[in-house]
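So the structure is just underneath, and the comments pick up after that.
The values are calculated or read from the model by the stated rules, or taken from the named source; none is laboratory data. As the structure is a computational prediction, the values presented were derived from the model and not from experiment. When we count neighbours, we look across all protein chains shown, and the Cβ atoms used for this are built from the backbone with ideal geometry, even at glycine.
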Amino acid sequence: MRTVAITGTNGFIGGMVLGALLKHKTIRVIAIDRAAPVIRARNLQFVACDLTSDHADQELTKLFHRTKCDTVVHAALHSQPKRDAEYTHELQSIGTMYLLHAIAASAVRKLIVSSTTDVYGAYPDNPNFLSEAHPLRGRRLGAFLRDKVDVEQQVARFAAAQPQRVVTVLRPCTILGPQIRNYKTHLLKHPIIATVLGFDPLVQFVHEADVARAFVIAILQDHPGAYNIVGADVVPLSRALAFMRKTQLPIPGTLLELTLTALWHLELEQTPPSHIHFLKYPCVADGRKAAQDFGFRSEHTLEETLQGYRGVAHA
Amino acid sequence: MRKPSAASALHAVDSFGKDPLLVERVLPIFRWLYQQYWRVQVRGIAHVPTRGAALIVSNHSGALPYDGAMIHLALHEEHPAHRQSRFLVEDLVQYLPFVGTFINRVGGVRGCQENAKRLLEAGELVTVFPEGVKGIGKLYRDRYTLARFGRGGIIRLALDAKVPIIPCAVIGAEEIHPILWKAAPFAKWLGLPYIPITPTFPWFGPLGLLPLPSQWVICFGQPIAYEKYRTKTPDDLTIHQLTEQLRDTVQTLVNQGLAERRKLIATGKIQGAGWKRSSSARSQSREPRVAK
């Protein structure tokens with residue numbers, strides 16, 4: 001019987017992967033988070049652990065030994081920037097470091113890490129399709145992405161130093177679907193959406209169910225390396241918003257940035273000012289490697305992905 | 001034209017940002033420029049293959065990238081297969097609001113190896129201007145002399161994607177905005193590499209941005225296949241030599257094009273371009289221009 005541990009089961013990705021994995025009765029799942037998941041199942045065990053505590057790595061090492069864990073899915077990473085940048089840094093950067101200590105000291109064979117295509121950063125000099133080999137330039141776009149890139153770099157160093165272990169990094173693009181809630185879906189909730197005057201970048205989306213499926217593939221099969229998990233189509237932002245029946249309000253970039261910075265610091269807005277880059281410049285990832293080497297293809301069309309979200313917004 | 005619904009508009013733009021409906025809307029203006037204003041004459045169109053990818057390498061001039069648009073029209077209107085093409089644009093275009101988006105929607109793609117390779121793999125004709133900003137911003141006194149042809153990226157791309165290079169020369173773009181001097185002040189503030197000072201700009205304000213009606217000739221040369229370099233990537237020195245040879249080829253083509261234009265103007269015979277032109281009788285009776 002395989003034992004798979006998932007960190008961050010109270011977060012969206014962790015919870016989704018938990019739900020998908022519990023259907024496989026031959027796998028014992030260990031949920032690691034500060035609080036227990038709401039799901040109960042025969043093959044589910046919960047272990048409380050705070051990845052930011054000083055003993056996290058020792059606790060995890062003992063846990064992996066005790067349960068003979070062979071795979072770890074690391075999803076204890078925030079899906080949106082928090083105002084407490086220090087805590088986010090502790091959880092994402094330091095928490096990952098402790099987890100990697102524990103894995104290195106145990107017999108865990110596989111590590112799967114949840115990342116995002118935002119780590120490439122949105123820049124005017126991006127190629128139209130960013131391959132996994134492209135340098136991760138997101139670190140210049142605020143503390144949140146800086147932590148994400150740091151996680152990627154730690155994992156890359158770990159993978160290079162531990163070639164006997166299978167390390168997979170999954171980078172989904174913007175996820176939409178009936179259940180997901182983060183700052184991007186929050187932005188899309190309003191009927192009037194601010195865009196940057198004069199800019200209309202190409203964007204891409206992926207359905208949450210496809211992302212869950214990608215994680216299951218990574219757990220059940222061995223695919224070392226990084227993979228972009230994206231939907232099939234690329235569309236200008238304006239067209240996607242028009243399809244979702246949103247009214248667009250183009251605002252000059254400088255004014256929008258000032259407004260968003262003010263709202264962010266006054267804690268009236270979930271979106272950080274650095275997100276404006278993603279409303280101006282492209283950050284579209286190439287899904288060819290995932291299709292060829294990983295066997296992943298999105299099963300939802302662009303319309304289904306956009307409607308899956310829109311449907312809930314109108315409910 | 002009926003406005004497309006949001007549902008059909010969702011997929012109208014291709015994966016590099018080109019919007020065929022917008023292209024259709026702006027095509028009449030460019031067609032008028034092609035046929036009536038610049039009276040573009042095309043030579044050597046048979047050198048462009050009927051099918052398959054190729055890299056069209058051309059000289060660059062004119063302060064604004066009309067030459068790209070005219071090459072696109074030449075390929076579409078004059079070639080028996082009415083080939084579509086894409087053109088690569090400088091990075092700086094993507095920084096500009098409105099202009100950047102517009103150029104993407106009419107088919108311009110940011111010039112980098114990844115994008116070019118992907119387009120070529122899809123079987124597209126890709127037009128590239130190795131001189132870049134140096135070429136388009138050439139002073140009038142340096143006209144028709146090619147600037148440095150990049151850093152070898154073109155040759156590497158052709159070898160990597162296994163496509164032929166078709167040299168191309170555009171005659172006529174140098175005279176549409178003769179740049180007398182390049183002003184550096186204010187340019188950086190606007191995000192531009194320079195502000196061109198021409199006989200009409202900035203003295204006549206926005207009107208000074210209207211191009212002058214020179215006579216254009218576009219020549220396509222023999223395709224270069226680089227067969228013997230495809231099996232093993234040559235070293236940087238060889239790549240530079242090949243780049244210089246390519247530049248010489250395009251320069252020769254430019255000189256041939258200039259001679260052709262002089263001949264056309266001297267004899268007063270501006271031939272019809274293959275479609276029926278209602279004003280062809282009018283243009284043939286026009287006073288021949290005296291070449292400088």
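If a residue has to be closer than 24 Å to residue A:218 by Cα, of a type outside the set (A, V, I, L, M) and at pLDDT below 95 to count, how many in the range A:119-147 make the cut?
Total meeting the criteria: 1.
For the range B:38-57, how many residues are touching a Ser or Thr at 6+ places or on another chain (Cβ under 7 Å) and of a type outside the set (A, V, I, L, M)?
Of the residues in that region, 2 qualify.
It is to be established whether one or more residues within the range A:251-270 are within 10 Å of chain B (Cβ to nearest Cβ), farther than 18 Å from residue A:82 by Cα, more than 21 Å from the chain's Cα centre (by Cα) and surrounded by 15 or more Cβ atoms within 10 Å (Cβ to Cβ).
Yes - at least one qualifying residue is present in the range A:251-270.
Could you tell me how many of the residues in the range A:176-212 are over 30 Å from residue A:258 (Cα atoms) and not β-branched (Val, Ile, Thr)?
The qualifying residues number 8.
If the requirement is being touching a helix residue (DSSP H, G or I) at 6+ places or on another chain (Cβ under 6 Å) and not basic (Lys, Arg), which of these qualifies: B:136, B:176, B:154, B:171?
The match here is B:171.
Could you please give the count of residues in the range B:201-227 that are in contact (Cβ under 8 Å) with a residue 24 or more places away in the chain, assigned to a loop (DSSP other than H, G, I, E, B) and closer than 23 Å to residue B:34 by Cβ?
So the count comes out to 8.
Pull up the range A:25-59, narrow it to residues that are of a type in the set (Asp, Glu) and outside any loop (DSSP other than H, G, I, E, B), then point me to the one that is nearest to residue A:6 (Cα to Cα).
Top of the filtered list is A:33.
Kindly establish whether residue B:56 is part of a strand (DSSP E or B), touching a residue at least 12 places away in the same chain (Cβ under 8 Å) and not basic (Lys, Arg).
Yes; evaluated as a whole, the condition is true for this residue.
Taking residue B:84 as the residue in question, decide whether it is closer than 17 Å to residue B:18 by Cα, polar (S, T, N, Q), without any contact (Cβ under 8 Å) to a residue 60 or more places away in the chain and surrounded by fewer than 21 Cβ atoms within 10 Å (Cβ to Cβ).
Criteria met by residue B:84.
Kindly provide the set of residues from the range A:220-237 that are surrounded by 22 or more Cβ atoms within 10 Å (Cβ to Cβ), more than 8 Å from chain B (Cβ to nearest Cβ) and either basic (Lys, Arg) or out of contact with any Phe, Trp or Tyr (no Cβ under 7 Å at 6 or more places or on another chain) (or both), ordered by number.
A:226, A:228, A:230 - these are the residues of the range A:220-237 that are surrounded by 22 or more Cβ atoms within 10 Å (Cβ to Cβ), more than 8 Å from chain B (Cβ to nearest Cβ) and either basic (Lys, Arg) or out of contact with any Phe, Trp or Tyr (no Cβ under 7 Å at 6 or more places or on another chain) (or both).
Report whether or not residue A:240 is aliphatic (A, V, I, L, M), within 22 Å of residue A:179 (Cβ to Cβ), within 11 Å of chain B (Cβ to nearest Cβ) and under 19 Å from the mean Cα position of the chain (by Cα).
Judged against the criteria, residue A:240 is not a match.
Being surrounded by fewer than 22 Cβ atoms within 10 Å (Cβ to Cβ) and charged (D, E, K, R) is the filter here; which residues of the range A:175-204 pass it?
If the condition is that a residue be surrounded by fewer than 22 Cβ atoms within 10 Å (Cβ to Cβ) and charged (D, E, K, R), then A:181, A:184, A:189 are the ones that fit.
Results for (1) within 14 Å of another protein chain (Cβ to nearest Cβ); (2) assigned to a helix (DSSP H, G or I); (3) in contact with a helix residue (DSSP H, G or I) (Cβ under 8 Å, 6 or more places away or on another chain), shown as yes or no for each residue.
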position	(1), (2), (3)
A:112	no, no, yes
A:132	yes, no, yes
A:148	no, yes, yes
A:152	no, yes, yes
A:155	no, yes, yes
A:171	no, no, yes
A:185	no, yes, yes
A:199	yes, no, yes
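Filter the range B:44-65 for residues that are polar (S, T, N, Q) and in contact with a Cys (Cβ under 7 Å, 6 or more places away or on another chain) and give the result.
Scanning the range B:44-65 gives a single hit, B:58.
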